[in-house]
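Shown next, in structure tokens, is the structure this report addresses.
The values are calculated or read from the model by the stated rules, or taken from the named source; none is laboratory data. The model shown is predicted, which means the values in this text are computed figures rather than measured ones. Neighbour counts run over all protein chains shown; Cβ positions are idealised from the backbone, glycine included.
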Amino acid sequence: MELSADYEVNYDCMIQWDSSNVHFEYLTLPSGCWRYRGEGNANIVIALKDEATIIRLSKNYSGVSWSEHHKKKVERQVVFTTHVFAPLLGKYFVAKVRAVYVSPEQIQQLNECLQRIRPSHRMHKELKVPYAAAHSDFARTLKFSSEDVDYCVEIKPKKGWWIKLHGMGDSRPNLCNYCLNQYQKLKKSKISSRSNYCPLDLFSGNPARIVEAVISLLANPQNNLRIFRDGRLVYSDVNKSDVYNSLEAVINEWMSSSSHQLPTTTSGIGPLKNFVYLICLALLKPHMESTDADSGINRFFQLKNELEELIISHSMVEQNDLLSLKLNEKKFKESNRKCCNLESSELPLGSVLSRILNAQKLEDSDGTYIRKVFHAMNALTQNASLLKAGWMKCL
């Protein structure tokens, strides 16, 4: 893959980096100054209300204490983001990350406040570690004094390419990791229904499949799509109590307030179609500061024209409400898809999708294969030690 010329990857820094170069800022979190943003399996994210900053705090099982290992983990995260991840994606896609320290007393206060907010299926873990990472809050792009409404769509795309599993032959199911995990989550009752979203569609470079991927995310977002209004979550799979928890209401407000900036005013394209179209364009448009933007701009306009024609005639979103999205999900459940589409076309160079996919493809072997190599090397090392010990004994 081609790296951004804006940065040079400092591999030496990853091999021999000095932890003293990462300084932890002491962070005070008074009650009422933060807002719960969300969480995954390993971290809880809170947003600071008066700053465009989010804090990423590690979780652990109840009763398990933290150690210096957790501090080192945050230090490695800062170094990795600065010297590896930013060069791979480009500085315009990755903001600076800071290391912060939150006292154990404040950690406990956070746990108590979060008890009534967090999803029940996440409660088996809690905050333990006082070391955390501070990132820019991309759900807030406008100044806090601005009278304009600030909207943000967060997408967690997952792995967008088919990785070869060594030793599996033809026995592997024709499903990507995400779609396979859907079955596992359904079996463990972590989700109520499987999503029609497939990462291979989003990264396919095929306009029709990209549109289907975005529609599927909107219809069944799970933990892969969230919409924010002025930094507050207004649409997601778990947000059921908010007054804005209606996709139709959110989109109508967003599109009406931005009517002079809509991607297209072509007859037949209403708020929902424009919204889907807008997301697709944002994912495919080359960033103008990117060194490869010029190469990708022609491909972008080709896809843009195809997308506009596709959106106008698309039956699933023609009603401009959630009904068509739900029908799409119902149709998927009835078809019970057994395989993913492995075909792909070129993405516009310099686009966020292209950059993410190229970074993902640095992993060209699956975990099972790497584990086998590791165990083989470990066995060789042990055998070498035994041979050396035996040789010394003979002497």
Quiz item: Which condition number in (1) modelled with pLDDT under 80; (2) out of contact with any helix residue (DSSP H, G or I) (no Cβ under 7 Å at 6 or more places or on another chain); (3) surrounded by 19 or more Cβ atoms within 10 Å (Cβ to Cβ) is the one that G231 fails?
Solution: (1)
Quiz item: Within segment 98-118, can one find any residue that is modelled with pLDDT under 90 and within 30 Å of N358 (Cβ to Cβ)?
Solution: no
Practice problem: Scan segment 42-61 residue by residue and report those that are farther than 16 Å from L233 by Cα and part of a loop (DSSP other than H, G, I, E, B). | Solution: A42, D50, E51
Quiz item: Are there any pairs, at least 6 apart or on different chains, whose C-beta atoms fall under 8 Å, with the first in segment 62-78 and on the phi < 0 side of the Ramachandran plot and the second surrounded by fewer than 16 Cβ atoms within 10 Å (Cβ to Cβ), and if so, which?
Solution: S62/H124; W66/N60; K72/S19; E75/S19
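Residue by residue, here is whether (1) surrounded by 16 or more Cβ atoms within 10 Å (Cβ to Cβ); (2) among the β-branched types (V, I, T) holds:
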{"residue": "I117", "(1), (2)": "no, yes"}
{"residue": "H124", "(1), (2)": "no, no"}
{"residue": "Y131", "(1), (2)": "yes, no"}
{"residue": "Y151", "(1), (2)": "yes, no"}
Quiz item: Take the residues of segment 320-369 that are aliphatic (A, V, I, L, M) and loosely packed, with under 13 Cβ neighbours inside 10 Å: which is modelled with the highest pLDDT?
Solution: L342
Quiz item: Pairs under 7 Å by beta carbon, first residue more than 16 Å from G40 (Cα to Cα) in segment 181-193, partner surrounded by fewer than 15 Cβ atoms within 10 Å (Cβ to Cβ) and of a type in the set (K, R), six or more apart or different chains?
Solution: S193/K333
Self-check item: Considering residues of segment 278-303 that are among the polar types (S, T, N, Q) and surrounded by fewer than 17 Cβ atoms within 10 Å (Cβ to Cβ) only, the residue modelled with the highest pLDDT
Solution: Q302
Quiz item: So S136 fits all but one of (1) closer than 25 Å to V352 by Cβ; (2) surrounded by 13 or more Cβ atoms within 10 Å (Cβ to Cβ); (3) modelled with pLDDT under 90; what number is the exception?
Solution: (3)
Exercise. Could you grab me the full set of residues in segment 71-108 that are in a loop (DSSP other than H, G, I, E, B), small (G, A, S) and either touching a Cys at 6+ places or on another chain (Cβ under 8 Å) or farther than 25 Å from G350 by Cα (or both)?
Key: S103
Quiz prompt | Residues of segment 97-117 classified as touching a strand residue (DSSP E or B) at 6+ places or on another chain (Cβ under 7 Å) and either under 24 Å from L233 (Cα atoms) or of a type outside the set (V, I, T) (or both), total | solution = 11
Practice problem: Please find, within segment 186-197, the residue that is surrounded by the most Cβ atoms within 10 Å (Cβ to Cβ) out of those that are out of contact with any Lys or Arg (no Cβ under 8 Å at 6 or more places or on another chain) and assigned to a loop (DSSP other than H, G, I, E, B). | Solution: Y197
